[in-house]
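Enquirer: I am attaching a structure below and will ask some questions about it afterwards.
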Amino acid sequence: MKFDFNKKVVLVTGGAEKAGRYFSVQYAKAGADLVITHYKTPSEAMATKEEIEKLGRRCLVVEADNGDVCQVESVIREIEKEFGRLDVILHNASNFNDQPIEQVNEKIWDSSMNIILKGAFFLSRRAAPLMLKSGGGKMLALIGNSYYENWPDFIPHSIAKIGLAKLMQLLAVTYSPDIQCNAICPASFLDSASGDSILSARGEIIDHERQTITVGGIPLHRGNKEEVAELILFLTSCSKYINGAVIPIDAGKNLL
């Protein structure tokens, strides 16, 4: 599927490494100029910047702790100074706290809420006026499978992600009809943060050759970052009619 983001400015939080880097590069290949945030990963950020600039696109790198309100709001000031506009935000920054409920302390709880949810709220609120100056824009949040699945060792993470999905719905109403805000819920895909060991521990049978996961005796296609990126680019370039949606991308896993 061909997408055209020419003359658009896209912000990807946590866009310096892993799947975030891939999504950033895909936007650049579609013609967008990029802003990527990172936290204490300068070499990865510079490598991503170089890859984007080799595609003939501009790339602004900003180090910012997504859980720090002053830092995330300063990102928008940097964007306004550098580009004068912002068209798309992909809320990708996250952490991945993994511990049983007995080990969850206040620091762990706060880190999930701050990085995943609080930062997205204040970043979105600060970005909206800049988006509106150019006629509107798109906000999209990566939720993951926390929305449809219950993971007992990821309670703070899951609650923060579900809150992020609700935030997108609230912002969809708040900024209607000019800014569309949606959320996507990919199940664990190839190259995602959720490793095979987590899936196997839940009784899911992984077949790398067929690229499937079998759940309850039913084989499901296991997606990859390319398939997730296709939906990301679609939802941040499509009509204004898709707004406030929380969309599973999991080969039907949420139905089981």
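The values are calculated or read from the model by the stated rules, or taken from the named source; none is laboratory data. Model, not experiment: these values are computed from the prediction. Every residue, glycine as well, gets a Cβ built from its backbone with ideal geometry; the counts of neighbours run over all protein chains shown. The protein model used for the area step is the full one, side chains on, heavy atoms only, and it has no ligands, DNA or RNA in it. Shrake-Rupley method; radii C 1.70, N 1.55, O 1.52, S 1.80 Å.
Enquirer: Tell me, which strands (runs of 3 or more DSSP E) wholly within region 208-256 include 2 or more residues that are under 14 Å from the mean Cα position of the chain (by Cα) and at negative phi?
Expert: On the way: elements: 212-215, 218-221, 246-249.
Those strands (runs of 3 or more DSSP E) span 246-249.
Enquirer: Same structure, new question: Restricting attention to region 63-94, which residues are of a type in the set (G, A, S) and either touching a helix residue (DSSP H, G or I) at 6+ places or on another chain (Cβ under 7 Å) or crowded, with 21+ Cβ neighbours inside 10 Å (or both)? Working first, answer last.
Expert: Quick first cut of region 63-94, residues of a type in the set (G, A, S) only: 64, 67, 74, 84, 93-94.
Those that are of a type in the set (G, A, S) and either touching a helix residue (DSSP H, G or I) at 6+ places or on another chain (Cβ under 7 Å) or crowded, with 21+ Cβ neighbours inside 10 Å (or both): A64, G67, A93, S94.
Enquirer: For residues in region 95-110 being hydrophobic (A, V, I, L, M, F, W, C) and open to solvent by 90 Å² or more (accessible area, probe 1.4 Å), which is nearest to the chain's Cα centre (by Cα)?
Expert: As a first pass, look at region 95-110 and keep what is hydrophobic (A, V, I, L, M, F, W, C): 96, 101, 104, 108-109.
Subset that is open to solvent by 90 Å² or more (accessible area, probe 1.4 Å): 101, 109.
On the way: I101: 25, W109: 20 Å.
Top of the filtered list is W109.
Enquirer: Right, something else. Wholly within region 1-109, which helices (runs of 4 or more DSSP H) include no fewer than the required count, namely at least 3 residues that are of a type outside the set (S, T, N, Q), under 21 Å from L142 (Cα atoms) and in contact (Cβ under 8 Å) with a residue 12 or more places away in the chain? Give the derivation first.
Expert: Numbers: elements: 18-29, 42-54, 69-82.
Counting at least 3 such residues, we get 18-29, 69-82.
Enquirer: With respect to V35, determine if the residue is open to solvent by less than 70 Å² (accessible area, probe 1.4 Å), touching an Asp or Glu at 6+ places or on another chain (Cβ under 7 Å) and not charged (D, E, K, R).
Expert: Values: open to solvent by less than 70 Å² (accessible area, probe 1.4 Å): yes; touching an Asp or Glu at 6+ places or on another chain (Cβ under 7 Å): no; not charged (D, E, K, R): yes.
Answer is no for this residue.
Enquirer: Here is a follow-up. Out of S188, S124, I need the residue that is in a helix (DSSP H, G or I), under 24 Å from V228 (Cα atoms), touching a residue at least 12 places away in the same chain (Cβ under 8 Å) and polar (S, T, N, Q). Which one? I'd like the intermediate steps shown before the answer.
Expert: Numbers: S188 fails: in a helix (DSSP H, G or I).
Among S188, S124, only S124 is in a helix (DSSP H, G or I), under 24 Å from V228 (Cα atoms), touching a residue at least 12 places away in the same chain (Cβ under 8 Å) and polar (S, T, N, Q).
Enquirer: Under the condition of being of a type in the set (S, T, Y) and closer than 21 Å to S24 by Cα, which residue from region 229-245 is most open to solvent (accessible area, probe 1.4 Å)?
Expert: Going residue by residue through region 229-245, those that are of a type in the set (S, T, Y) are 236-237, 239, 241.
Going one step further and asking which of them are closer than 21 Å to S24 by Cα, we end up with 236-237.
On the way: T236: 7, S237: 54 Å².
Looking at the filtered set, the residue picked out is S237.
Enquirer: Related question: Name every residue in region 135-179 that is among the charged types (D, E, K, R), over 21 Å from K240 (Cα atoms), out of contact with any Pro (no Cβ under 7 Å at 6 or more places or on another chain) and open to solvent by 20 Å² or more (accessible area, probe 1.4 Å), in order of residue number.
Expert: Our first condition is that a residue be among the charged types (D, E, K, R); within region 135-179, this holds for 138, 149, 153, 161, 166, 178.
From the residues that got through so far, the ones that are over 21 Å from K240 (Cα atoms) too are 149, 153, 161.
So of that shortlist, the ones also out of contact with any Pro (no Cβ under 7 Å at 6 or more places or on another chain) come out as 149, 161.
The one that is among the charged types (D, E, K, R), over 21 Å from K240 (Cα atoms), out of contact with any Pro (no Cβ under 7 Å at 6 or more places or on another chain) and open to solvent by 20 Å² or more (accessible area, probe 1.4 Å): E149.
Enquirer: Taking region 87-108 as the search range and keeping residues that are at pLDDT 95 or above and acidic (D, E), which one is nearest to G67 (Cα to Cα)?
Expert: Ranking the qualifying residues of region 87-108, first place goes to E106.
Enquirer: Picking from L55, L132, L60, which residue would you name as being surrounded by fewer than 21 Cβ atoms within 10 Å (Cβ to Cβ), within 20 Å of L235 (Cβ to Cβ) and among the hydrophobic types (A, V, I, L, M, F, W, C)? Can you show your working first?
Expert: Values: L55 fails: within 20 Å of L235 (Cβ to Cβ); L60 fails: within 20 Å of L235 (Cβ to Cβ).
Only one candidate passes the filter, namely L132.
Enquirer: So how many residues does region 129-167 have that are touching a strand residue (DSSP E or B) at 6+ places or on another chain (Cβ under 6 Å), assigned to a helix (DSSP H, G or I) and of a type in the set (G, A, S)?
Expert: Qualifying residue count for the region: 1.
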